[in-house]
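Engineer: Here you go, one structure.
Throughout, read-outs are computed from the coordinates displayed, never taken from laboratory work. All values reported here derive from a predicted model rather than from experimental measurement. Counting neighbours? That spans all protein chains shown, and the Cβs are built from the backbone with ideal geometry, glycine included.
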Amino acid sequence: MDTAPTPPATARTFSSLLVTGGAGFIGSHVIRRLLRTQPEARVVNLDALTYAGNLANLKDVEGNERYTFAKGDIRDADLLQRLFSEHEFDAVIHLAAESHVDRSITNPLAFLETNILGTATLLNVAKHAWTERGCMDRVLFYHVSTDEVYGSLGDEGLFTETTPYDPRSPYSASKASSDHVVRAYHHTYGMPIVISNCSNNYGSHQFPEKLIPLMIRNIVDQRPLPIYGAGINVRDWLWVEDHAAAIDTVLQNGWVGDTYNIGGLNEWRNIDLVHKLIELVDAKLGRPEGHSKALITFVTDRAGHDLRYAIDATHLETRLGWKPSVTFEEGLANTVDWYLDNKAWMDEVTSGDYQQYYDQHYANRG
Ligand code: NAD
Ligand code: DAU
């Protein structure tokens, strides 16, 4: 069959959306946005509520009559079938995943199971349900993926949509595999799909195992700031609300079968970013300039640590007209304020098992 990307005739609207992983960091922002921008759509959030999922992330939409939460696992085909037949979804926005690279190094199988088998199970149930309903020409399967599938850059260059896949961690290998499986369902069965590959997100409600919220929390609490290796690895940071806006744009106008890189041309070496966070948090807390610099602690590097990620989002910008809405200064200031104002959220998500993970993970790094 001809699988060259094709544009939608007009912007898509939906009546019934399935969002997976909606209780996580990015998923919660996506749900909040879709409830605004798809005013006719009912939105079902399917989430297993792993350590990274938290219904407190969606407290403000709990009472919305178009929003439903379903607790469950994307590997559970029976549950998926029930949800598809009950809600007659016309699109799936698939974000559920194991998402933390460090955890993929210590427990790779969990990543292969959720990210590959989970995605395949979801695709398979969607294919059967949509085939049975005879609506394959009116639906969309959207896979939210990562720039890490492209591997690691040297000092120069940017990832484009044609950069060959070269995943190097169990996490990125599992996301690369799931991208391939999604494309296979398009080419083989004619399922309408889109994929986007985004750079590092930051913003509110991010689980504090990831660099920015972890550093903010530790600066506030005056605990060591663990920098892997020499701190020279580079990441390209995008505000999560701008990622959610990009996802919404692709959902409405993305060409079927197409791939979109999402990023903000905002590269930072880890060490420089941590200095920036120290400056911001110390200032907000009325501490003298440079007060928390002594907390910086260089620790054993991440195994196979990718040196640099950087995204060329020209395709998304020129084809669909998306652009980031804030500067990094604005986004980061907003983010720091949110964590300082939401200590109860931080205390809740870091209680229990997380503290044990944290102590073990960093104790082993010297
Ligand atoms: P997250 O870890 O904050 O959230 C993941 C969510 O998925 C959690 O709510 C968790 O409970 C749920 N989940 C995990 N396993 C599940 C399963 N088997 N069944 C159902 N639900 C399950 O992740 P995030 O940072 O919000 O990332 C969301 C998606 O975006 C992921 O697919 C990730 O690969 C991708 N992504 C993330 C970033 C980033 O910087 N965070 C960048 C690009 C792409
Ligand atoms: O690029 C997109 C990816 O960004 C997403 O697909 C992943 O889901 C997301 O977790 C993120 O992956 P990273 O590994 O880049 O993010 P993390 O926040 O874990 O680390 C960012 C950088 O900071 C990385 O170079 C490792 C470093 N780091 C991280 C932690 C947690 C440290 O130096 N110290 C730390 O304690």
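Engineer: Quote to one decimal, in nm, the extra length available between Asn64 and Glu317 on full extension: 0.36 nm per residue of separation minus the C-alpha distance between them.
Structural biologist: 87.9 nm
Engineer: Largest first and to the nearest Å, give the Cα extent of segment 235-278 along each principal axis.
Structural biologist: Principal axes ranked by extent give 42, 17, 10 Å for the Cα atoms.
Engineer: How big is D for segment 273-366, in µm² s⁻¹ as a whole number, if Stokes-Einstein is applied with the Kirkwood radius of its Cα pairs at 37 °C and 0.692 mPa s?
Structural biologist: Answer, rounded: 193 µm²/s.
Engineer: Right, another one. If r is the Cβ-Cβ distance from Gln355 to Leu307 and R0 is 22 Å, what FRET efficiency results, to the nearest 0.05?
Structural biologist: Rounded to the nearest 0.05, the efficiency is 0.10.
Engineer: Something else about it: How much length is gained if the chain between Thr160 and Leu109 is pulled fully straight, taking 0.36 nm per residue apart and subtracting their Cα-Cα distance, in nm to one decimal?
Structural biologist: 15.5 nm
Engineer: Same structure, new question: Using alpha-carbon pairs under 8 Å, 6+ residues apart, how would you state the relative contact order of segment 86-166 in percent?
Structural biologist: Once normalised by length, the contact order is 37 percent.
Engineer: Quick one: angle between helix 170-189 and the longest Cα principal axis of the chain, in degrees between 0 and 90, rounded to 10, please.
Structural biologist: On a 0 to 90 degree scale, this one is about 10.
Engineer: Over the chain, what lengths in whole Å, largest first, do the semi-axes of the equivalent ellipsoid take, defined as the square roots of 5 times the eigenvalues of the alpha-carbon gyration tensor?
Structural biologist: 34, 22, 20
Engineer: Could you line up Ser174, Ser351, Ser292 from fewest to most neighbouring Cβ atoms inside 10 Å?
Structural biologist: Least to most surrounded, the residues fall as Ser351, Ser292, Ser174.
Engineer: Straight-line reach from Lys276: which lysines have Cα under 29 Å away, leaving out those fewer than 8 places along the same chain?
Structural biologist: Cross-link targets: Lys210, Lys284, Lys293, Lys323, Lys343.
Engineer: While we're looking at this one, here's another question. Note the angle between two axes, namely the Cα long axis of helix 270-284 and the longest principal axis of the Cα atoms of the chain, as a number of degrees from 0 to 90, rounded to the nearest 10.
Structural biologist: Orientation of helix 270-284: about 70 degrees from the principal axis.
Engineer: Which chymotrypsin sites (Phe, Trp or Tyr not before Pro) in segment 137-175 pass both tests, a DSSP loop state and at most 16 other beta-carbon atoms within 10 Å?
Structural biologist: Those that pass, being in a loop and sparsely packed, are Tyr165.
Engineer: On to the next question. Using 7 Å Cα-to-Cβ label points, what is the Ala230/His180 separation (nm, one decimal)?
Structural biologist: 3.4 nm
Engineer: If you stretched the chain out fully between Asp341 and His128, how much longer would it get, using 0.36 nm times the residue separation minus the C-alpha to C-alpha distance?
Structural biologist: 72.1 nm
Engineer: Checking the a/c ratio against 1.5 first, then a/b against b/c, what shape does the Cα gyration tensor give for segment 1-114?
Structural biologist: Since a/c reaches 1.5 but b/c is at least a/b, the shape of segment 1-114 is classed as oblate.
Engineer: With +1 on each Lys and Arg Cβ and -1 on each Asp and Glu Cβ, and nothing else charged, work out how big the dipole of segment 82-204 is about its Cα centre, in Debye to the nearest 20.
Structural biologist: 360 debye
Engineer: If you don't mind, another one. Does segment 40-79 come out rounded, prolate or oblate, given a ≥ b ≥ c as the square roots of the eigenvalues of its C-alpha gyration tensor, rounded meaning a/c under 1.5 and, failing that, prolate meaning a/b above b/c?
Structural biologist: Oblate.
Engineer: Based on the Cβ-Cβ distance of Ala294 and Val326, what FRET efficiency does E = 1/(1 + (r/R0)^6) give at R0 = 25 Å, to the nearest 0.05?
Structural biologist: Calculated transfer efficiency: 0.20.
Engineer: What FRET efficiency comes out for the pair Asn334/Ala9, r = Cβ-Cβ distance, R0 = 45 Å, nearest 0.05?
Structural biologist: Efficiency computed from Cβ-Cβ geometry: 0.75.
Engineer: Please state the shape class of segment 262-328: rounded when a/c is under 1.5, otherwise prolate if a/b exceeds b/c and oblate if not, all from the C-alpha gyration tensor.
Structural biologist: Oblate.
Engineer: Could you please report the charge total around Thr318, scoring K, R as +1 and D, E as -1 over all other residues with beta-carbon less than 15 angstrom from its beta-carbon?
Structural biologist: Result for the local shell: -2.
Engineer: Taking the Cα centre of the chain as origin and charging only Cβ (+1 Lys, Arg; -1 Asp, Glu), how large is the dipole, in debye to the nearest 20?
Structural biologist: I would put it at about 220 debye.
Engineer: Would you please put 124-131, 105-112, 242-249, 231-238 in order of how densely packed they are, using the mean number of other Cβ atoms within 10 angstrom per residue and starting with the highest?
Structural biologist: For the peptides 124-131, 105-112, 242-249, 231-238, the packing ranking is 242-249, 231-238, 124-131, 105-112.
Engineer: Helix 328-341 sits at what angle to the longest principal axis of the chain, using alpha carbons and giving 0 to 90 degrees rounded to 10?
Structural biologist: That helix lies at roughly 80 degrees to the long axis.
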